[in-house]
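Novice: Take a look at this one; I'll ask things after.
The values are calculated or read from the model by the stated rules, or taken from the named source; none is laboratory data. It should be emphasised that the depicted structure is a prediction, and the values quoted were computed from it without experimental measurement. Using ideal geometry, Cβ is built from the backbone for each residue, glycine included, and neighbour counts are taken over all protein chains shown.
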Amino acid sequence: MTQQPYVGIYWTRPVPRAGFVRLSADVDLAAGQSLTIRYQRDLARRHVRSARGTMIREIALLELAPDRASREAVIAVERLVETSAGDAIFLTVDFSHEVNWRPHRFLWAALPTDRMLALTPDPIPIDGKPFEPRLHFRAWQTDDEAHRAGKEDHRARLLAALANRQDGSWSEKADHLNGLGHLTHGGRRWTADNLRKFVGAATEKVTSTSR
């Protein structure tokens, strides 16, 4: 009896402030970089074993932005569909199943509706411990809110670090901040261009507040 072939498709979003901006093309390495990828991989493989099928291909995708889905991020999926076996079923996890977590209309649109299976995000054990997606994403949301709340403190620390560097070029100032380990509020390295814009916006904000 021929086993049903499956293709696993897993995705997550970058977290620049935490330094997570790249994802390995190797699914198993990607699962070590992202718990969200690990969860999707393990859930999909459990389903394939239960269905007595065979996983013929897997792909892990990193979105372009931390707060939204994009069509550009799933171009690789469109190519995957074109080159996969005609009877393969494409497995994804529907995080939006219950509480509208991370909907991805671009991903759904890229998959053939008659050969797509969206798994519900049920809790499963990972490394011997229960993993609950709802709690995982709630924790990230709480962390994001705390990060946004600290934006003004972050601005004050950066301006203080630049207080004695007024005579330097923008490139020199950016290098100074990077050398001190001060990144942008979004977690990226400073450049002459983004620092110039940041200082201009910060000065404008201070001037507006003092009026």
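Novice: Mind checking whether some residue in the stretch 51-58 is surrounded by 21 or more Cβ atoms within 10 Å (Cβ to Cβ) and small (G, A, S)?
Specialist: Narrowing the stretch 51-58 to residues surrounded by 21 or more Cβ atoms within 10 Å (Cβ to Cβ): 58.
Of the ones still in play, those that are also small (G, A, S) are none.
Looking through the stretch 51-58, none of the residues is surrounded by 21 or more Cβ atoms within 10 Å (Cβ to Cβ) and small (G, A, S).
Novice: If you don't mind, there's one more thing I want to ask. Select from the stretch 1-30 the residues that are without any contact (Cβ under 8 Å) to a residue 40 or more places away in the chain and in contact with a Phe, Trp or Tyr (Cβ under 8 Å, 6 or more places away or on another chain) and write down the one among them that is surrounded by the fewest Cβ atoms within 10 Å (Cβ to Cβ).
Specialist: The qualifying residue surrounded by the fewest Cβ atoms within 10 Å (Cβ to Cβ) is V27.
Novice: Okay, next question. Restricting to the stretch 5-19, name every residue that is within 18 Å of I59 (Cα to Cα) and not β-branched (V, I, T). Let's see the steps before the verdict.
Specialist: The initial filter retains those residues of the stretch 5-19 that are within 18 Å of I59 (Cα to Cα), namely 5-14.
Passing the criteria: P5, Y6, G8, Y10, W11, R13, P14.
Novice: Sticking with this structure for a sec: Quick check on the stretch 101-123. Is at least one of its residues surrounded by 14 or more Cβ atoms within 10 Å (Cβ to Cβ), free of Cβ contacts under 8 Å to residues at least 24 places away in the same chain and farther than 23 Å from Q33 by Cβ?
Specialist: Yes, the stretch 101-123 has at least one match.
Novice: Scan the stretch 76-90 for residues that are in contact with a Lys or Arg (Cβ under 9 Å, 6 or more places away or on another chain) and surrounded by 14 or more Cβ atoms within 10 Å (Cβ to Cβ) and report the count.
Specialist: The number of residues fulfilling the criteria is 6.
Novice: Taking the stretch 157-187 as the region of interest, how many residues are outside any loop (DSSP other than H, G, I, E, B), surrounded by 11 or more Cβ atoms within 10 Å (Cβ to Cβ) and modelled with pLDDT under 85? Explain how you work it out, then say what you get.
Specialist: From the stretch 157-187, those outside any loop (DSSP other than H, G, I, E, B) are 157-161, 170-179; that's our starting set.
Then keep just the ones that are surrounded by 11 or more Cβ atoms within 10 Å (Cβ to Cβ); that gives 157-159, 161, 170-178.
Right, trim to modelled with pLDDT under 85 and you get 157-159, 161, 178.
Residues flagged as outside any loop (DSSP other than H, G, I, E, B), surrounded by 11 or more Cβ atoms within 10 Å (Cβ to Cβ) and modelled with pLDDT under 85 within the stretch 157-187 amount to 5.
Novice: Find all pairs meeting these conditions: Cβ atoms under 8 angstrom apart; at least six residues apart or on different chains; first residue within the stretch 190-202 and in the same structural domain as H176 (by TED's automatic domain parsing) and surrounded by 12 or more Cβ atoms within 10 Å (Cβ to Cβ); second residue modelled with pLDDT under 85 and of a type in the set (S, T, Y).
Specialist: Close Cβ pairs (under 8 Å, with a partner that is modelled with pLDDT under 85 and of a type in the set (S, T, Y)) amount to W190/T184; N194/T184; F198/T184.
Novice: Inside the stretch 45-72, can you point out the residues that are aliphatic (A, V, I, L, M) and farther than 16 Å from L111 by Cα? Step through it out loud before you land on a result.
Specialist: Let us first name the residues in the stretch 45-72 that are aliphatic (A, V, I, L, M), namely 48, 51, 55-56, 59-62, 64-65, 69.
Result: V48, A51, M55, I56, L62, L64, A65.
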